[in-house]
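Following: one structure in structure tokens, then a few remarks.
Derivation of every value follows stated rules applied to the coordinates shown; laboratory data play no part. Computed from a prediction, not measured in an experiment: that's the story for all the values here. As a convention, Cβ positions derive from the backbone with ideal geometry for all residues, glycine included, and neighbour counts pool all protein chains shown.
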Amino acid sequence: MNNKIKIILASKSPRRQELLRLMDIDFRIVLKEVDESYPDNLSPEEIAVYVAEKKARAFDESVDDEIVLTADTIVSIDGHILGKPETTEHAAEMLRLLSGRVHRVITGVCLLYKHRFNLFHDISEVFFRKLTEQEILFYVEKYQPLDKAGAYGIQEWIGLIGIERINGSYTNVVGLPTEKLYQQLIQIELE
């Protein structure tokens, strides 16, 4: 990739920003307020892609020669969506639910370029070992779980001590499936 196309990252996520830097991609951050609600009848995969596209649509009229990158990551367990927790107690409840179980992390991505919406998603299965109450409370008190879907960051302490394995992309669990993103960006450059 030769970085000839400018990229706007429409995300305040420090994890997504760091992943793009590690990919050696130049970008600038532009944020717009977007209502992230979605219809009740969507599957978890459809929700992630729907919200990512909704975020990109906020830029459609104002950008033409740049790629707008938007993403939405959700955690799904037993058919329930775990978004970002509202309180530290809510975060602890989420971690208790995930403890000793497998859940899915789904990231929907939208690349808006020249009024075309390129949508894709990735799914990773994450296996948590059984966490103790002390581990859950330590993590919730010491780290910032309120800005993370499912109340945890795989790259943080809880991920290092609690995740036994993942099936799928590690970077997807962090918040951006970089492998798929790279391939999609190459395709845009070739057009």
| said: Checking Arg165 against (1) touching a strand residue (DSSP E or B) at 6+ places or on another chain (Cβ under 6 Å); (2) basic (Lys, Arg); (3) part of a helix (DSSP H, G or I), only one condition comes out false. Which one? | reply: (3)
| query | If we keep just the residues of region 1-20 that are exposed (fewer than 15 other Cβ atoms within 10 Å of the Cβ) and within 16 Å of the chain's Cα centre (by Cα), which is farthest from Pro145 (Cα to Cα)? | reply | Glu18
| task | Looking only at region 162-169, decide whether some residue is of a type in the set (D, E, K, R) and closer than 26 Å to Glu46 by Cβ. | result | no
| query | How many residues are of a type in the set (A, V, I, L, M), closer than 20 Å to Ala71 by Cα and out of contact with any Lys or Arg (no Cβ under 6 Å at 6 or more places or on another chain) if we restrict to region 118-145? | reply | 2
| field | Considering residues of region 59-74 that are among the acidic types (Asp, Glu) and in contact (Cβ under 8 Å) with a residue 40 or more places away in the chain only, the residue surrounded by the most Cβ atoms within 10 Å (Cβ to Cβ) | value | Glu66
| query | Of all residues in region 114-131 being touching an Asp or Glu at 6+ places or on another chain (Cβ under 8 Å) and part of a loop (DSSP other than H, G, I, E, B), which is nearest to Glu93 (Cα to Cα)? | reply | Arg129
| request: Pull up region 132-157, narrow it to residues that are without any contact (Cβ under 8 Å) to a residue 12 or more places away in the chain and not in a helix (DSSP H, G or I), then point me to the one that is nearest to Gly83 (Cα to Cα). | output: Gln144
| note | Residues in region 114-129 that are surrounded by fewer than 20 Cβ atoms within 10 Å (Cβ to Cβ) and of a type in the set (A, V, I, L, M) total 2
| task | Scan region 75-113 residue by residue and report those that are surrounded by fewer than 22 Cβ atoms within 10 Å (Cβ to Cβ) and in a loop (DSSP other than H, G, I, E, B). | result | Asp78, Gly79, Gly83, Lys84, Glu86, Thr87, Ser99, Gly100, Arg101
| said: If I filter region 24-58 down to residues being of a type in the set (Gly, Ala, Ser) and within 16 Å of Leu111 (Cβ to Cβ), which single residue comes out as surrounded by the fewest Cβ atoms within 10 Å (Cβ to Cβ)? | reply: Ala58
